[in-house]
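Okay, so here's the structure we're looking at.
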Amino acid sequence: MHVTTVDVGNGEEHQIVCGAPNIAQGQKVVVALPGTLMPNGQQIWPGELRGVDSYGMICSARELGLAHAPQKRGIMVVPDDFNAGDEFEPTKCDELLASGQISL
């Protein structure tokens, strides 16, 4: 379990607990903030994991419902030209995933 501080844009930072094996400092990732409705119908709410507050979810390609998502565990790390606070674009991310430009 990793307790992270994530820049979600506009000078906002959120504490998010993440259990992904491939998480590392300095990565750019896709974050679902509280209130987000995920493709599987799950709604993201603030929560607590092992006594630690968490205000969102760092997402894997599978959780985002991307067609080219691998079945292995791990968050989706996006390229450096993505900016904190950018809106998630499923088609663009799926194309980058298919071409190997997004790592897992």
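The values are calculated or read from the model by the stated rules, or taken from the named source; none is laboratory data. None of the values given here were measured: they were computed from a predicted structure. Every residue, glycine as well, gets a Cβ built from its backbone with ideal geometry; the counts of neighbours run over all protein chains shown.
Here are the numbers for the structure shown:
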read-out	value
Residue within segment 17-30 that is loosely packed, with under 12 Cβ neighbours inside 10 Å and of a type in the set (Lys, Arg) present	no
Filter result for ARG73 (under 12 Å from the mean Cα position of the chain (by Cα), under 24 Å from GLY41 (Cβ atoms) and in a loop (DSSP other than H, G, I, E, B))	no
Residue check for ALA67: farther than 15 Å from MET1 by Cβ, modelled with pLDDT under 95, in contact with a His (Cβ under 9 Å, 6 or more places away or on another chain) and of a type outside the set (Asp, Glu)	no
Matching residues in segment 1-16 - criterion: being among the hydrophobic types (A, V, I, L, M, F, W, C) and surrounded by fewer than 14 Cβ atoms within 10 Å (Cβ to Cβ)	MET1, VAL3
Selection within segment 31-60 - surrounded by fewer than 13 Cβ atoms within 10 Å (Cβ to Cβ) and part of a loop (DSSP other than H, G, I, E, B)	GLY35, PRO39, ASN40, GLY41, GLN42, TRP45, ARG50, GLY51
Residues of segment 64-96 classified as crowded, with 17+ Cβ neighbours inside 10 Å and either in contact with a Pro (Cβ under 8 Å, 6 or more places away or on another chain) or over 19 Å from LYS28 (Cβ atoms) (or both), total	3
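Here's the yes/no breakdown for (1) within 14 Å of MET1 (Cα to Cα); (2) in contact (Cβ under 8 Å) with a residue 24 or more places away in the chain:
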residue	(1), (2)
GLN15	yes, yes
ASN40	no, yes
TYR55	no, yes
ILE58	yes, yes
ARG62	no, no
PRO90	no, yes
